[in-house]
Amino acid sequence: MGALAYLLLKRDAKEEQAGARDLLEAAPSQSVDKITKEQVQQILQEIIKSQEQMKGYMKELTKELLSKSLTFEQTYQRVKEVQPADPLEKHGLSMVSFDQLLDKHQGDPAVRESIAKIMGAPSPNSCCSEKVQAITVKTIIDVHNFMLEKLDALVQDFLALPNKSTYDMKTVTIAAQAIVGSKIEDSFGITSEDIESAVLMYHTMLATNQEFAAINIKIQQTMGKLMGTSFAMS
């Protein structure tokens with residue numbers, strides 16, 4: 001996954017784990033009991049490396065989208081060419097079984113640290129930049145409304161494709177993130193990382209902001225349409 005994360009799909013850990021249980025059936029996978037704590041740590045490191053690779057590529061793809069007009073198909077193909085192998089698939093694990101492994105080893109400091117990195121929370125230091133400091137709560141809400149509008153249009157266009165069943169949905173999601181992220185940067189002059197940092201900075205205020213909560217629910221539901229199912233709401 002890329003940097004936009006994460007803006008589109010990232011939720012707190014409990015919501016993500018609940019979503020994994022509700023959305024995914026446990027595919028044939030390794031027995032959780034046979035996987036050691038050291039193997040879990042290794043898999044987490046592979047996930048972090050994969051995310052960092054995609055984050056770097058997403059920045060380059062966003063620049064390309066800002067400088068030229070690419071179709072969804074062209075964006076999808078660019079993502080597909082560089083998308084790293086899924087570490088969970090490599091190790092024969094479903095998301096549900098991996099979630100069980102994380103629950104089992106959640107007391108291990110190294111595991112907790114790796115999970116925090118995967119969740120992708122911006123560094124508190126990033127909130128100190130002048131650009132982020134200039135972002136207001138209103139701007140954050142405006143960006144999310146804009147994101148929802150562009151994402152909804154993209155999803156409607158994708159669902160209208162006659163061959164949509166031939167697409168890999170993980171790649172589709174990343175392509176959608178890149179497209180929407182470039183539109184945000186073009187319209188507001190701020191990156192997804194800037195917005196993530198601003199959300200962290202205003203976390204307390206946003207936690208009780210009903211408009212922000214409502215927009216995020218709509219974004220979840222729109223992404224649910226893209227994935228062919230509705231996100232379970234807590």
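The values are calculated or read from the model by the stated rules, or taken from the named source; none is laboratory data. This is a predicted model, so every value here is computed, not measured. Here the Cβ positions follow ideal geometry from the backbone for every residue, glycine too, while neighbour counts run over all protein chains shown. The area values use the complete protein model at the heavy-atom level, side chains included, leaving out ligands, DNA and RNA. Shrake-Rupley method; radii C 1.70, N 1.55, O 1.52, S 1.80 Å.
Taken as a whole, the structure leaves residue 75 outside the set of residues that are among the β-branched types (Val, Ile, Thr) and without any contact (Cβ under 8 Å) to a residue 12 or more places away in the chain.
Search region 143-182 for residues being of a type in the set (D, E, K, R) and touching a residue at least 40 places away in the same chain (Cβ under 8 Å), and hand back the single one that is nearest to residue 220 (Cα to Cα). This residue is 152. In region 198-228, of all residues being closer than 17 Å to residue 157 by Cα and not in a helix (DSSP H, G or I), the one that is modelled with the lowest pLDDT corresponds to 228. Determine if region 36-58 includes at least one residue that is assigned to a loop (DSSP other than H, G, I, E, B), open to solvent by less than 80 Å² (accessible area, probe 1.4 Å) and under 30 Å from residue 183 (Cα atoms). No, region 36-58 has no match at all. Every condition in (1) open to solvent by 70 Å² or more (accessible area, probe 1.4 Å); (2) closer than 19 Å to residue 192 by Cβ; (3) at pLDDT 85 or above holds for residue 68 except the one numbered (2).
Output the residues belonging to region 62-94 that are more than 24 Å from residue 155 (Cα to Cα) and assigned to a helix (DSSP H, G or I). Residues satisfying the conditions are 87, 88, 89, 90.
Residues in region 168-197 that are surrounded by 15 or more Cβ atoms within 10 Å (Cβ to Cβ), at pLDDT 90 or above, more than 19 Å from residue 50 (Cβ to Cβ) and not β-branched (Val, Ile, Thr): 4 in all.
Can you confirm whether region 44-58 contains a residue that is closer than 19 Å to residue 166 by Cα, in contact (Cβ under 8 Å) with a residue 60 or more places away in the chain and over 16 Å from the mean Cα position of the chain (by Cα)? No, every residue in region 44-58 fails to be closer than 19 Å to residue 166 by Cα, in contact (Cβ under 8 Å) with a residue 60 or more places away in the chain and over 16 Å from the mean Cα position of the chain (by Cα).
Return a yes/no flag: does region 131-154 have any residue that is more than 21 Å from residue 208 (Cβ to Cβ), in a loop (DSSP other than H, G, I, E, B) and at pLDDT 90 or above. Yes, that holds for at least one residue.
Candidates are the residues of region 79-94 that are crowded, with 18+ Cβ neighbours inside 10 Å and touching a Leu at 6+ places or on another chain (Cβ under 9 Å); the one that is modelled with the highest pLDDT is 79.
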